[in-house]
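Taking it in order: structure first as structure tokens, then the write-up.
FYI, it's all coordinate maths here, none of it is from the lab. This is a predicted model, so every value here is computed, not measured. Cβ atoms come from the backbone with ideal geometry, glycine included; neighbour counts cover every protein chain shown.
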Amino acid sequence: MLALSLTQPGQLDLIQLPEAAAPQLGEALVAIRAIGICGTDISAFLGKMPFIEYPRILGHELGVEVIAIGPDVSHLKIGDRCSVEPYLNCGRCHACQQGRTNCCESLQVLGVHCDGAMRERMILPAQKLHPCNALSFEQLALVETLAIGCHAVNRADIQHGDDILIIGAGPIGLTVLEFARLTGAPITVLELNAHRRAFVQQQYPEVSILPALHDGFAAQVIFDATGNSGSMARSLHLCRFTGRIIFVGITKESVLLDDPLFHRRELTLLASRNAVSSDFPRILSLIESGQIKTQPWITHRCAFQDLPTTMLQWIKPETAVLKGILQV
């Protein structure tokens, strides 16, 4: 079967893989129907993702169809449309025993630590498939990226009276925005890119979207979704006394912590990594009910075989890709 391999930074090659095996106990064989292209994929393509080794088959934002199931699998049937929870955890370590499967000590994320789904078919653990036949494959492929924002907002534990600043309105910042707005808290978004500001203004008119903050601006809860070490360091200065900061973006660089400021304001600094299983059915329900509208998210589409050349265009800022979908 056909697959795409990132053989080195900047080079995607079409390759042939052996056909997937029949599913065993606890497994399902799925046909890959839609793949979201995310910041992790772009970073890997550019050689900037710290967890990627080459060659690597990318792909972890998935809409799939079940085509066979193992003999003990009862929550799936052939033909089911599913979103995929791409975090393969051990179930035995301290984090897993706490229910924090997103922080498994030996976590393998599809398309990052191990080969992913840029292929026609693959075997997956059945428990990582979340069926929802009411949604399209493209909608299902958006669930994992939305789960990043869902988990980050859960980490923040928004309280009555809190106000929120989201730094960065790229795809990850927008996933945070989707779930932050469900809390009812007032939200400000800081974004330098005019195209992204225009998108937020159009889709989220109740949100204050700014290219810069006035002197003295402060918020109780700050999400930094930039992955920029300088922005992450500055976020402490924008946080009110007793406030909370959640790093959603990731950087290879060290982040300089202003310790006197950190202590004086008694700030809480949190990391947010991936998502947990319970986030997926919640998101499916929110999309199905119309509380999350997916149509504006998908700005670009690409046929599977065309990605090696299309990716070279999608990484250009002027292309203004919010979410590209690979159609398999």
In debye to the nearest 20, the charge dipole size for region 149-271, taken about the Cα centre with +1 at each Lys and Arg Cβ and -1 at each Asp and Glu Cβ, equals 120
Taking 0.36 nm per residue of separation between L2 and E105 and subtracting their Cα-Cα distance, the length gained on full extension comes to 33.9 nm
For region 1-139, the Cα-Cα pair-distance distribution in 5 Å bins from 0, as whole percents, is 2, 11, 18, 20, 20, 17, 9, 3, 0
Within the set L213, L190, L76, GNM on the chain using Cα springs under 10 Å gives the largest fluctuation to L213
Of every Cα-Cα pair in region 77-170, the percentage lying beyond 17 Å is 63
If amide H atoms are modeled at 1.01 Å from N in the peptide plane, then the residues at a separation of 5 or more from A34, or on another chain, having amide H under 5 Å from its own are G63, V328
Debye calc, one equal point scatterer per Cα of region 149-271, no solvent, log10 I(q)/I(0) at q = 0.13, 0.18 1/Å comes to -0.45, -0.89
Only helices counted: for the chain, with every DSSP H run of 4 or more residues adding -39500 (n - 2.57) and the sum spread over all residues, [θ] at 222 nm is -6500 deg cm²/dmol
Cα extents of the chain per principal axis, largest first, Å, are 60, 42, 37
If one builds a Gaussian network model of the chain from Cα atoms under 10 Å apart, the most fluctuating residue listed among I148, I57, I315 is I315
From the Cα centre of region 242-306 to that of region 85-155, the distance in Å is 15
So, with points 7 Å from each Cα along the Cβ direction, the A22-L312 label distance in nm works out to 4.4
With Cα springs under 10 Å, the Gaussian network model of the chain assigns the largest mean-square fluctuation among G184, G116, G149 to G184
Filtered hits (lysines, Cα-Cα < 20 Å from K316, offset >= 8 within chain) -> K48
Checked against the positive end of the charge dipole of the chain (+1 on Cβ of Lys and Arg, -1 on Cβ of Asp and Glu, about the Cα centre), the farthest of P125, L326, A218 is A218
With +1 at each Lys and Arg Cβ and -1 at each Asp and Glu Cβ, the charge dipole magnitude of the chain around its Cα centre, to the nearest 20 debye, comes out at 240
